Amino acid sequence: IPLLSHLNDIFTNKDNNSINNINITGGMNLNHFFSPDYSLHITGDNVHISSSYNIFYGRGSADIYVTGRDTIYVQGSFNPNPHDFTVTNYKQKKNIYIEPLDYKKYIVYNINFPFQDGIEVNTENTNIILDGDITFTKSGSEKFKYSGKINIIDGRYYDNQGNVFEGISGDIFLSPDQNSSYMDVHSYTQIASSSIDATIIGNPNNPQIYFSDPEGQYSQTELLS
């Protein structure tokens with residue numbers, strides 16, 4: 001069954017010493033054999049989850065319900081293990097997945113992702129520790145939408161000009177309406193012997209960036225250049 005095969009690809013167990021860590025209860029009504037009516041509850045402990053496009057990987061506990069027939073609802077939560085979940089790429093990716101012609105189910109996702117105990121963002125130019133709570137929603141072929149709050153606890157970012165921004169902290173508020181999302185992030189960088197404050201504020205798609213020199217050695221123009 002394509003849906004169960006898809007779920008099996010997402011939730012895998014890569015630790016051969018850990019068995020029976022995924023449980024499925026419920027049933028499927030097969031009156032329409034090629035279009036079953038799902039009523040499933042999937043739970044897992046220390047489940048490994050990863051992205052096919054090298055976006056994230058890690059372990060956590062899953063509590064997912066799969067219900068419906070013509071419209072299938074996948075809803076529940078995935079709670080990552082403390083400091084055992086890593087985001088490796090946060091840039092937008094094109095969706096290259098093509099829906100099989102013989103599988104035309106309309107799937108609605110609503111997955112909560114609480115990570116109050118911390119996760120890591122570790123890319124080639126970013127190393128940040130986050131906590132927060134996000135909900136992912138998706139209906140049919142539309143893109144995933146995000147809502148919730150991300151707290152940046154600490155981190156470092158390397159830009160393409162050789163500057164290093166350290167002590168990153170702040171908040172990001174995500175709304176399903178991207179125009180309503182908001183961020184307020186602070187850090188500092190060194191120019192010669194001066195410590196320069198950097199602030200990113202506003203909508204994440206089009207934020208405003210401010211630099212300031214508490215010691216007054218550089219003007220805003222000099223800082224930007």
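Neighbours of Ala192 by Cβ distance under 12 Å: Lys/Arg scored +1, Asp/Glu scored -1, total -3.
Considering only Cα atoms, the convex hull volume of region 140-215 works out to 109 Å³ per residue.
Using only the C-alpha atoms of the chain, find the volume of their convex hull and express it per residue in Å³. Present the calculation step by step, with values, prior to reporting the outcome.
Values: hull volume 31.3 nm³, N = 225.
Output value, Cα hull per residue: 139 Å³.
Surface analysis of region 107-172 yields an accessible area of 52 Å² per residue, using protein heavy atoms and a 1.4 Å probe. Mean separation of Cα pairs under 8 Å and 6 or more residues apart, divided by the residue count, gives the chain a relative contact order of 9 percent.
Taking the Cα centre of the chain as reference, the dipole from Cβ charges on Lys and Arg (+1) and Asp and Glu (-1) amounts to some 940 debye. When peptides 150-157, 214-221 are ranked by their average number of other Cβ atoms within 10 Å per residue, the highest-first order is 150-157, 214-221.
The values are calculated or read from the model by the stated rules, or taken from the named source; none is laboratory data. Model, not experiment: these values are computed from the prediction. Methodologically, a virtual Cβ is constructed for each residue, glycine included, from the backbone with ideal geometry; neighbour enumeration extends over all protein chains shown. These area figures cover heavy atoms from the full protein model, side chains too; ligands, DNA and RNA do not enter into them. Shrake-Rupley method; radii C 1.70, N 1.55, O 1.52, S 1.80 Å.
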